[in-house]
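See below for the structure under consideration.
The values are calculated or read from the model by the stated rules, or taken from the named source; none is laboratory data. Worth saying up front: this structure is predicted, and the values here are computed from it rather than measured. When we count neighbours, we look across all protein chains shown, and the Cβ atoms used for this are built from the backbone with ideal geometry, even at glycine.
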Amino acid sequence: MKKQLVLMDHDGGVDDYLATMLLLTMEDIELLGIVVTPADCYIQSAVSATRKIIDLMKFSHISVAESTVRGINPFPRLYRRDSMIVDHLPILNQQENIITTLVAETGQDFMVRVLQEAPEPVTLMITGPLTTIATALDQAPEIETKIEKIIWMGGALNVPGNVEKSIELGQDGSAEWNVYWDAISAARVWKTQIEIIMCPLDLTNNVPVTSELVQKMGKQRHYPISDLAGQCYALVIPQDYYFWDVLATAYLGHPEFYQLQEWETEIVTSGVSQGRTKVVSGGRKIYAMDQVDKKAFYDYILQQWAR
């Protein structure tokens, strides 16, 4: 069966590594590389952890690139430090040297080159802000035709965002972090003709990470990948944590688990709603994951990580 060409762009949060691990288990996907965007992480730790995960899963022929873009609104340090914790997990530090290649070019240049060289259009799996792809499009506008679609974990359409409401910071609570980090770049991507399939907070709010599920991963400890997934999720159990990036990524493996809904939208780039993905009549048409078969999804990730 012909494999789907995919290029991943993640930003180093705990669930970004788990999304990477899920994507690497998909046999009908040809992963052309991974770009790490310096948003929800400390970039050196995030790049290192990503390469170690690829080594652990024995896919060291897949290259990693470090994006050098910058956002407007930094993620909290408390969120970003998780990248350092994951990078230090013993299961990822059992070999002396990292094998997986870190390319010399920037992540945005790598993205341009991979898209230009691809024999057919590529799906972008993006689990962080859209800044790297926006920058790549500015550098080489012709790559737009080489993008089949963007599957993106981002946005909140008809529910509050996860950027805390703050009178002091001038935020009304409508923004989602992956948009808020750099809403101007999100708006740039909204101006393209690329098909966008969003996994918004509207859906992820209904798919929490539960203690029961983490314990099920732990009971698969004789499988290193499931053990690593359980350790990563154990880090965030004290928080309200949801299947954000993993839920978005699972769509690549089983789109039939999901129902999509079309919306007309715009990205708010300034003011108290900066970072909001607003539903507006006549706006840019996107598809949003609206419903998911939760049992099928939970069973799928447990099965895929049992290796």
**OP:** Starting from the range 152-180, take each residue that is at negative phi and list its partners that are assigned to a loop (DSSP other than H, G, I, E, B) and among the hydroxyl-bearing types (Ser, Thr, Tyr), counting only C-beta distances under 6 angstrom and pairs at least six apart or across chains.
**Re:** Met153/Thr127; Gly161/Ser174
Original post:
Scanning the range 20-62 for residues that are of a type in the set (S, T, N, Q) and modelled with pLDDT of 95 or more, which turns out nearest to Leu7 (Cα to Cα)?
Top reply: Thr20
Subject >> Tally of residues being surrounded by fewer than 17 Cβ atoms within 10 Å (Cβ to Cβ) and within 27 Å of Thr269 (Cα to Cα) across the range 45-80 >> reply: 7
**OP:** Within the range 152-182, count every residue that is surrounded by 24 or more Cβ atoms within 10 Å (Cβ to Cβ) and part of a strand (DSSP E or B).
**Re:** 2
Original post:
When you look at Thr192, is it closer than 18 Å to Asp138 by Cα, at pLDDT 95 or above and of a type in the set (Ser, Thr, Tyr), yes or no?
Top reply: yes
**OP:** Sort out which residues of the range 145-163 are of a type in the set (A, V, I, L, M), under 21 Å from Lys191 (Cβ atoms) and more than 14 Å from the chain's Cα centre (by Cα), and write them in order of number.
**Re:** Ile147, Ala156, Leu157
Subject >> the range 102-136, subset touching an Asp or Glu at 6+ places or on another chain (Cβ under 6 Å) and either part of a helix (DSSP H, G or I) or of a type in the set (Lys, Arg) (or both), residue nearest to Ile54 (Cα to Cα) >> reply: Gly107
Original post:
Can you tell which of Gln259, Gln239 is in a loop (DSSP other than H, G, I, E, B) and surrounded by fewer than 15 Cβ atoms within 10 Å (Cβ to Cβ)?
Top reply: Gln239
**OP:** Please give the number of the condition Leu124 fails out of (1) in contact (Cβ under 8 Å) with a residue 12 or more places away in the chain; (2) under 12 Å from Ser67 (Cα atoms); (3) of a type outside the set (S, T, N, Q); (4) out of contact with any Gly (no Cβ under 7 Å at 6 or more places or on another chain).
**Re:** (2)
